[in-house]
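The next block holds one structure in the form of structure tokens; read it before the comments.
The values are calculated or read from the model by the stated rules, or taken from the named source; none is laboratory data. Just so we're clear, the structure is a prediction, and the values are computed from it rather than from any experiment. When we count neighbours, we look across all protein chains shown, and the Cβ atoms used for this are built from the backbone with ideal geometry, even at glycine. Remember, those area values only see protein heavy atoms, side chains included, never the ligands or the DNA or RNA. Shrake-Rupley method; radii C 1.70, N 1.55, O 1.52, S 1.80 Å.
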Amino acid sequence: MPTALVRSVPETIERCELTHLERVAISFDRARRQHEDYVELLNRLGCVVENMEALPDHADSVFVEDTVLVLDEVAVILRPGAVSRQAETATAARAISRHRPLLFLSAPATLDGGDILKCGRTLYVGVSTRSNAEGIRQLAGLVAPFDHHVVPVPIRGCLHLKSAATFARADLLVANPEWVDPGVFEKVELVTVHPDEPHGANVLPVAGFVIAAKAFPRTNERLTAHGLTLETVDLSELAKAEGAVTCCSVMVD
Ligand code: CIR
């Protein structure tokens with residue numbers, strides 16, 4: 001069963017980074033409850049949940065996905081593109097070092113985990129406002145000895161590659177074609193988001209289930225019609241901080 005690394009919602013979440021959304025009030029209590037439900041769901045699906053050290057002064061620290069890439073052989077400690085987030089990686093490195101040998105990106109590289117979409121031995125990496133060419137170059141060099149290869153993917157109009165596309169199953173991509181060209185991915189079945197649900201492409205497969213946000217019922221219906229079993233969670237408060245399903249955990253298989 002996978003281990004899921006998570007980190008609690010900081011009270012400072014209202015001061016989060018925002019790129020594509022207007023700042024609106026975020027209820028800390030509601031965000032914390034929603035995150036607890038998410039963690040409970042991971043538990044129920046059989047994950048061993050490990051809580052990383054809380055970082056109360058780091059407004060975006062609940063979004064642990066952006067700090068580390070975990071492969072079977074190693075973990076790569078990333079360098080988030082938002083300067084305010086770069087100090088989050090030290091505690092992530094401590095937590096993940098119990099599971100994998102560590103490799104590190106170094107300045108001037110920047111790369112957010114939300115930009116890395118893994119499919120077999122291919123790492124698709126979004127070229128975004130957070131992840132730069134040097135980050136992609138360094139990552140490719142670090143993972144090449146383990147036979148993983150990196151494919152840069154242009155995105156537009158969204159924060160991360162995984163805002164635009166994720167694999168709901170190894171052979172099934174869910175994508176928003178306004179934000180990424182689905183043609184760049186290996187030949188897989190494609191489900192597009194419902195046009196009224198541009199953020200609906202971020203889903204997390206866990207133990208034969210697919211975790212999806214409740215906010216996207218019409219996209220979720222499309223996934224169910226493809227034979228997937230969905231577990232939905234309400235992450236509406238974290239969505240105000242531009243968070244989604246994948247970014248709240250780091251899965252260690
Ligand atoms: C940020 O802008 O960094 C946070 N407010 C949201 C990060 C979401 N991360 C993710 O989807 N991987």
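Annotation: the chain has a Kirkwood hydrodynamic radius of 17.9 angstrom, from the mean reciprocal C-alpha pair distance.
Rounded to the nearest 5, the antiparallel percentage of DSSP beta bridges internal to segment 60-181 is 55%. At a Förster radius of 25 Å, what calculated FRET efficiency corresponds to the Cβ-Cβ distance of K187 and R137, to the nearest 0.05? Efficiency, rounded to the nearest 0.05: 0.40.
Given R0 = 30 Å, the distance between the Cβ atoms of E53 and S236 translates into a calculated FRET efficiency of 0.70. Amide H contacts of V191 (H built 1.01 Å from N, in plane; Pro and chain starts excluded): L173, V174, A175 sit under 5 Å, all sequence-distant by 5 or more or on other chains.
Cross-link partners for K118 among the lysines, with Cα-Cα distance under 18 Å and sequence neighbours closer than 8 places in the same chain left out: K162, K187. Under the rule of at least 5 residues apart or a separate chain, name every residue whose amide H is placed under 5 Å from the amide H of D234. Here the answer is K214, since their amide H atoms fall under 5 Å of that of D234. Comparing H58, L18, L45 along the charge dipole axis of segment 11-60, the residue lying farthest to the positive side is L45, per the Cβ-charge model. Taking amide hydrogens as placed 1.01 Å from N in the peptide plane, the amide H of I211 sits under 5 Å from those of L204, V206, E231, each at least 5 positions away in sequence or on another chain. Suppose the Debye formula is applied to equal point scatterers at every Cα of segment 1-142; what is log10 I(q)/I(0) at q = 0.14, 0.18 Å⁻¹? Computed log10 I(q)/I(0) values: -0.69, -1.13. When the chain is modelled as a GNM with alpha-carbon springs shorter than 10 Å, which of D112, D234, D196 fluctuates the most? Taking springs between Cα atoms under 10 Å, the residue moving most is D196.
Comparing H148, F104, Y124 along the charge dipole axis of segment 83-236, the residue lying farthest to the positive side is F104, per the Cβ-charge model.
Entry note, the chain: relative contact order of 22 percent, from Cα contacts under 8 Å with a spacing of 6+ residues.
Ignoring ligands, DNA and RNA, what percent of the 1.4 Å accessible area of the chain is carbon and sulfur?
Using a 1.4 Å probe with all protein chains present, the chain comes out at 52 percent carbon and sulfur.
Helical content alone sets the calculated 222 nm signal of the chain at -6000 deg cm²/dmol, taking -39,500 (n - 2.57) per DSSP H segment of four or more residues and averaging over every residue. When peptides 199-205, 247-253 are ranked by their average number of other Cβ atoms within 10 Å per residue, the highest-first order is 199-205, 247-253. Shown for the chain are the DSSP H helices of 15 Å or more along their axis, judged by Cα atoms, with a mean Kyte-Doolittle hydropathy of at least -1.0: 133-143.
The slack between D29 and T224, meaning 0.36 nm per residue of separation minus the straight C-alpha distance, is 67.1 nm. Simple point charges give the picture: +1 on the Cβ of Lys and Arg, -1 on the Cβ of Asp and Glu, and for the chain a dipole about the Cα centre of about 280 debye.
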